[in-house]
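Enquirer: Starting off with a structure, shown below.
The values are calculated or read from the model by the stated rules, or taken from the named source; none is laboratory data. Because the structure is predicted, anything quoted here is derived from the model rather than measured. Every residue, glycine as well, gets a Cβ built from its backbone with ideal geometry; the counts of neighbours run over all protein chains shown. What goes into the accessible areas is simple: the full protein's heavy atoms, side chains included, and nothing from ligands, DNA or RNA. Shrake-Rupley method; radii C 1.70, N 1.55, O 1.52, S 1.80 Å.
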Amino acid sequence: MSNDPVVAIVGVTGAVGAEFIATMDRRNFRVGRLKALASARSAGKTVTFRGKEVVIEELTERAFDGVDIALFSAGGSISRKYAPVAVKAGAVVVDNSSAFRMDPNVPLVIPEINAGRIRDHKGIIANPNCAAITALVPLWPIHRENRIKRVIISTYQAASGAGAAAMDELVESTRASLEGRSFEPKVLPLPYAFNLFSHNTAIDPATGYNDEETKVIKETRKIFEDEKIAVGVTCVRVPVLRAHSEAITFECERPIGEDDVRRLLANAPGVRIVDDRVKNYFPMPIDASGQDDVLVGRIRRDLSDPSGHSISMFVAADQLLKGAALNAIQIAELLPQRALA
Ligand code: A2P
């Protein structure tokens with residue numbers, strides 16, 4: 001008998017679910033038994049974990065009996081309903097949805113930034129929004145040394161953030177467009193092939209901000225534990241399959257030069273500098289895909305701020321890995337042994 005934890009994946013057939021499995025395998029995450037959970041549509045099908053077929057079970061109220069760690073990525077409403085059930089059954093939940101992120105009793109964790117918060121959990125730990133993770137991993141080493149007063153983020157977000165069906169829709173609509181066929185979008189609300197559009201989350205008519213942008217603002221403040229940091233953000237969905245990119249400009253309290261940023265990021269965990277001006281080679285989603293690190297480049301003075309307090313840069317990170325599954329597995333790796341008993 002193994003004492004290794006029983007791990008449940010909720011949403012195992014999804015884009016993030018597949019990366020949970022691959023990431024656990026790649027990082028030799030200890031698993032006594034895997035419970036693969038999805039909707040009734042998938043029950044009875046199988047997934048492969050460490051060379052063995054695991055039969056997918058339907059997510060029900062009884063699915064968490066004997067589970068030590070439950071990784072959720074099946075959307076906010078499933079998390080809201082079933083995460084408390086999993087906690088009641090004795091599991092620690094790492095939730096990839098937005099359901100609990102702003103709950104003051106739920107730690108919102110990026111291990112490179114605030115791993116210490118994990119110990120405050122009361123059963124649920126939230127994985128931050130993918131656009132927030134992508135920006136905050138490289139901003140944190142700078143903020144820690146020279147507080148960032150204000151940051152402006154413009155995102156170029158991939159289909160993967162909207163799930164496996166959205167990735168399929170990008171491929172299918174592109175194929176239809178190339179073949180001159182009409183295509184009716186089913187997953188995303190707007191034409192995706194050879195197009196881009198404002199992020200598909202609901203927009204607040206009063207403020208003009210969509211939910212994705214509001215998440216980035218609120219989550220930045222919670223993770224940095226800095227209610228005063230000013231965040232401006234525009235989130236855009238672009239026709240890229242996976243890996244989000246972001247243009248980021250930030251203003252620090254004290255003067256900062258591009259060499260300071262390079263020094264602070266050179267050995268920062270989870271960051272890789274890709275900044276080749278000679279070859280005009282900078283972070284690209286195609287290079288970030290399948291990689292653990294946030295790629296950072298185009299590090300340069302923001303010329304609109306002659307005071308020398310501001311820097312602009314461009315980043316790219318795999319939305320399914322650091323933006324979702326990898327961050328969640330890193331959290332699970334740090335759970336104290338008692339959670340695994
Ligand atoms: P299923 O494939 O059975 O529908 P993605 O984020 O890539 O769209 O994936 C969503 C995940 O959430 C899938 O694994 C999907 O399973 C799962 N899911 C969706 N609805 C439910 C539900 N009602 N109960 C359990 N899992 C669900």
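Enquirer: What full-extension length gain, to one decimal in nm, is calculated for Arg62 and Glu253 as 0.36 nm per residue of separation minus the Cα-Cα distance? It would help to have the intermediate numbers written out before the result.
Expert: Numbers: separation 191, 0.36 × 191 = 68.76 nm, distance 5.21 nm.
Roughly 63.6 nm would be gained on extension.
Enquirer: Counting DSSP beta bridges with both partners in the chain, what percentage is antiparallel, nearest 5?
Expert: Details: 29 of 58 bridges.
Just about 50 percent of them are antiparallel.
Enquirer: Further question: Would you work out the charge dipole size for region 132-319 about its Cα centre, treating the Cβ of every Lys and Arg as +1 and the Cβ of every Asp and Glu as -1, and quote it to the nearest 20 debye?
Expert: Values: 23 positive and 28 negative charges, 63 e Å.
So the dipole magnitude of region 132-319 works out to roughly 300 debye.
Enquirer: Over the chain, with the other protein chains present, what is the accessible area per residue in square angstrom, probe 1.4 angstrom?
Expert: Numbers: 15380 Å² over 341 residues.
Per-residue accessible area for the chain comes out at 45 Å².
Enquirer: Sticking with this structure for a sec: Rounded to a whole number, what % of the accessible area of region 132-319 do carbon and sulfur atoms account for, probe 1.4 Å?
Expert: 53 percent
Enquirer: With axes computed from alpha carbons, what is the tilt in degrees of helix 130-145 against the longest principal axis of the chain, rounded to the nearest 10 within 0 to 90?
Expert: Once rounded, the angle reads 50 degrees.
Enquirer: Would you mind listing how long region 132-319 runs along its three principal axes, going by Cα atoms, in whole Å with the largest first?
Expert: Reported extents, whole Å, longest axis first: 55, 44, 28.
Enquirer: How high is the relative contact order of the chain, in percent, counting Cα pairs under 8 Å that sit 6 or more residues apart? Intermediate values should be presented prior to the final figure.
Expert: Numbers: 762 pairs, mean separation 65.0, N = 341.
For the chain, the relative contact order is 19 percent.
Enquirer: Through the Karplus equation 6.51 cos²θ - 1.76 cosθ + 1.60, θ set to phi - 60°, convert the phi angles of region 97-113 into ³J(HN,Hα) values in whole Hz; use x for Gly and Pro.
Expert: 8, 8, 4, 10, 4, 9, 5, x, 8, 10, x, 10, 10, 10, x, 5, 10
Enquirer: Take the alpha-carbon positions of the chain, form their convex hull, and give its projected area averaged over all directions (one quarter of the hull surface) in nm². If you can, show how the numbers build up before the last one.
Expert: Details: hull surface 76.5 nm².
Projected over every direction and averaged, the Cα hull of the chain covers 19.1 nm².
Enquirer: Evaluate the relative contact order of region 152-301 (contact order divided by residue number), counting alpha-carbon pairs under 8 angstrom at least 6 apart; express in whole percent. Intermediate results must be reported in sequence, preceding the final value.
Expert: Working: 205 pairs, mean separation 41.9, N = 150.
Value for region 152-301: 28 percent.
Enquirer: If you take the Cα Rg of region 281-332 and divide it by 2.2 N^0.38 Å, with N the number of residues, what do you get? Mind dumping the intermediate values first?
Expert: Values: Rg = 14.3 Å, N = 52, 2.2 N^0.38 = 9.9 Å.
Relative to the rule-of-thumb radius for its length, region 281-332 sits at 1.45.
Enquirer: When only Cα pairs under 8 Å and 6 or more residues apart are kept, what is the percent relative contact order across region 1-121? Present the calculation step by step, with values, prior to reporting the outcome.
Expert: On the way: 211 pairs, mean separation 26.5, N = 121.
Reported relative contact order: 22 percent.
Enquirer: Would you calculate a helix-derived [θ] at 222 nm for the chain, using -39,500 (n - 2.57) for each DSSP H run of n ≥ 4 and dividing by the full residue count, to the nearest 500?
Expert: Numbers: 10 runs with 99 residues, N = 341.
Calculated mean residue ellipticity at 222 nm is -8500 deg cm²/dmol.
Enquirer: Just the number, please: percent antiparallel of the DSSP beta bridges in region 57-172, rounded to the nearest 5.
Expert: Values: 0 of 8 bridges.
Among the beta bridges of region 57-172, antiparallel pairing accounts for roughly 0 percent.
Enquirer: Looking at region 132-319, send over the antiparallel percent of its DSSP beta bridges, to the nearest 5.
Expert: On the way: 25 of 34 bridges.
The antiparallel fraction comes to roughly 75 percent.
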